[in-house]
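Every number here is computed from the coordinates shown, using simple stated rules; none is lab data. Since the model is a prediction, treat every value here as computed from it, not as a measurement. As a convention, Cβ positions derive from the backbone with ideal geometry for all residues, glycine included, and neighbour counts pool all protein chains shown.
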Amino acid sequence: MAETTEYDLIVIGGGPAGYAGAIRAGQLGKKVACIESERAGGTCLNWGCIPTKALLKSAELYQKIKKAEAFGITVKDVTFDFAKVMERSRGVSQQMAKGIEFLFKKNKVDYFVGRGQVPAAGMVEITEGEHKGKFFKTKAILLATGCKMRRIPDLEVDGARVMTSREALANKTLPKSIVIVGAGAIGVEFAYFFNAFGAKVTLVEMLPQILPVEDEEVAKTLHRSFEKQGIAIHTGTKCENFRVGKNAVKLNLVKEGKSEEIEAETVLSAIGVVANIEGVLGKTLNVELDRNYVKVGDDYQSSVKGIYAAGDIIGPPWLAHVATYEAVQAVNGMFGHGPAKRVKNFPGCTYCQPQVSSTGLTEKAAKEKKLDYRVGKFPFTASGKAVASAESEGFVKVISDAKTGEILGAHIIGAEATELIAEYGLAVELEATIEEIHQTIHAHPTLSEAVMEAAAATTGEAIHI
């Protein structure tokens with residue numbers, strides 16, 4: 001007879017939603033298990049956020065060393081070992097995954113490596129892996145299986161000529177040339193990374209701008225910066241007629257009816273993600289889906305009582321920090337630790353150089369909503385710290401309500417943008433005004449002064465412009 005163990009909560013998926021939800025349930029004293037198909041940390045820690053940031057740091061450091069002469073420092077014969085760059089990235093992922101496994105033990109979370117399936121409400125079975133055949137009874141189930149990279153139709157991923165981000169993170173050889181299809185955050189980060197190490201990069205986006213979800217002004221600034229760095233960019237362009245050869249890939253770039261053939265050693269698909277739902281739900285379980293994402297209510301509960309979902313599996317925004325927030329909220333709600341809250345405000349970050357970050361409304365969105373708004377901008381060229389650090393590219397832009405001064409959105413492109421956005425995230429959460437940001441004394445010299453000066457610029461009170 002199959003082994004049966006009863007839990008208060010079983011989490012399927014061990015990524016930023018899954019592990020956070022499991023740990024939170026453990027903190028609340030619940031008997032909890034987490035089932036992950038590969039390794040704790042999921043895509044984010046193992047094949048996404050964390051390893052890519054390690055790669056990008058290597059690229060950034062390499063570029064800085066090449067420009068050391070500007071700081072009065074002479075460095076001769078700067079070279080790199082691409083295989084070691086990739087190995088370091090994998091090592092960082094291993095370290096972080098071990099950290100999650102330690103946190104499971106600390107919070108008494110039972111951790112199983114395998115594929116979990118829900119044959120019925122209150123029941124979970126492990127269908128693959130060393131624990132295959134185990135059945136568990138549970139009071140609640142949290143689906144947190146996330147997403148996987150969307151593949152270009154009719155184009156087989158082989159890890160050499162055609163890759164997604166996952167294959168790119170396992171590749172120890174730098175391609176001489178690469179076409180990146182899709183200029184969202186993932187495509188843009190890989191474009192910066194490969195270009196920094198000398199690959200010939202072509203970045204293609206079907207929509208009118210790179211980073212389509214970001215403010216138009218920010219996207220245009222990054223576009224110009226990337227072209228100066230040597231990246232070829234094609235916006236409003238489709239990729240068609242892929243022909244994969246032994247040593248290269250040929251394809252056509254189609255824009256406004258005109259077609260141009262290009263060739264590259266490798267193609268990287270960064271055209272988005274699809275829900276990781278296959279095999280998770282039993283055939284007789286009628287959980288309502290919306291475009292293959294699990295549809296949930298304000299409490300993160302699906303259409304089947306006792307089955308909850310959080311993270312990428314419930315749809316956009318597909319961000320690790322949003323996933324963590326959702327899972328913790330779902331667990332708090334299901335166990336009576338306050339009502340669950342849905343995501344309203346969140347930061348978006350892209351870790352190329354210059355960095356891009358944002359929260360709240362873009363200026364275009366404010367216009368479309370016909371809001372009465374004001375814009376404050378401050379360039380990093382006027383920041384003493386930025387100039388001293390030779391990082392004066394970019395600006396801070398803040399959008400606020402014209403009458404109340406309440407901050408509606410903020411957009412940063414430049415050095416440490418992904419760190420600086422946190423202040424505006426807190427401001428939006430607290431319904432703070434530009435006046436309150438302006439009146440908060442920021443240390444000098446710091447990059448964060450630009451956040452204050454942008455707020456001051458809204459009413460023409462910025463000192464340094």
Review point. Between the DSSP loop rule and a limit of at most 15 other Cβ atoms within 10 Å, which trypsin sites (Lys or Arg not before Pro) in the range 161-227 are left?
Key: 172, 176
Practice item. Assuming a ≥ b ≥ c are the square roots of the Cα gyration tensor eigenvalues, decide whether the chain counts as rounded (a/c under 1.5), prolate (otherwise, with a/b larger than b/c) or oblate. Key: oblate
Check your understanding: When Lys and Arg each count +1 and Asp and Glu each count -1, what net charge do the other residues less than 11 Å away from residue 245, Cβ to Cβ, add up to?
Key -> +2
Check your understanding: Okay, helix-only estimate at 222 nm for the chain: each DSSP H run of n ≥ 4 adds -39500 (n - 2.57), divide by all residues, round to 500 deg cm²/dmol; what do you get?
Key -> -9500 deg cm²/dmol
Study note, to complete from the structure: If 318, 47 are placed from fewest to most neighbouring beta carbons inside 10 Å, the sequence is 318, 47
Study note, to complete from the structure: Whole-Å distance linking the alpha carbon centroid of the range 216-290 with that of the range 113-145 is 34 Å
**Study point:** Inter-part distance where the range 374-400 and the range 170-199 are each reduced to a Cα centre, Å
**Key:** 28 Å
Practice item. Among 376, 366, 352, flag the residue with its Cα farthest along the positive direction of the charge dipole of the range 326-401, charges on Cβ as +1 for Lys/Arg and -1 for Asp/Glu. Key: 366
**Study point:** Unit charges on C-beta of K, R, D, E only; dipole of the range 194-252, Debye
**Key:** 520 debye
Check your understanding: So in the chain, what percent of DSSP beta bridges are antiparallel if you round to the nearest 5?
Key -> 60 percent
Review point. FRET efficiency for residue 461 and residue 27, Cβ-Cβ distance as r, R0 = 41 Å, nearest 0.05?
Key: 0.35
Review point. If contacts are Cα pairs under 8 angstrom and at least 6 residues apart, what is the relative contact order of the range 1-95 in percent?
Key: 24 percent
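Provide 10, 434, 178, 50 in ascending order of the number of other Cβ atoms located within 10 Å of each residue's Cβ, fewest first.
Taking fewest neighbouring Cβ atoms as first place, the list is 50, 178, 434, 10.
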Review point. Does the range 162-271 classify as rounded, prolate or oblate by the C-alpha gyration tensor (a ≥ b ≥ c root eigenvalues; a/c under 1.5 gives rounded; else a/b over b/c gives prolate, otherwise oblate)?
Key: oblate
Review point. Along the charge dipole of the range 235-339, Cβ charges K/R +1 and D/E -1, which of 268, 335, 317 sits furthest on the positive end?
Key: 268
Check your understanding: Could you put 49, 44, 349, 34 in order, starting from the residue whose Cβ has the fewest other Cβ atoms within 10 Å?
Key -> 349, 49, 44, 34
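How big is the dipole moment of the chain about its Cα centre under a simple scheme where the beta carbon of each Lys and Arg is +1, that of each Asp and Glu is -1, and everything else is neutral? Debye, nearest 20, please.
In debye, rounded to 20, the chain gives about 1060.
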Study note, to complete from the structure: The FRET efficiency for residue 79 and residue 170, from their Cβ-Cβ distance with R0 = 25 Å and rounded to 0.05, is 0.65
Review point. Out of the range 258-301, which GluC sites (Glu not before Pro) are coil in DSSP terms and have no more than 16 other C-beta atoms within 10 Å?
Key: 278, 288
Study note, to complete from the structure: Check: C-alpha center the range 1-46 vs C-alpha center the range 404-424, spacing in Å is 34 Å
Study note, to complete from the structure: Placing +1 on each Lys and Arg Cβ and -1 on each Asp and Glu Cβ in the chain, then taking the dipole about the Cα centre, the residue among 414, 452, 182 whose Cα reaches farthest towards the positive end is 182
Practice item. Enumerate the aspartates and glutamates that residue 30 could reach by cross-link, defined here as Cα to Cα under 15 Å, with residues fewer than 8 away along the same chain left out. Key: 6, 8, 110
Check your understanding: In debye, nearest 20: dipole of the range 314-465 around its Cα centre with unit charges on the Cβ of K, R (+) and D, E (-)?
Key -> 520 debye
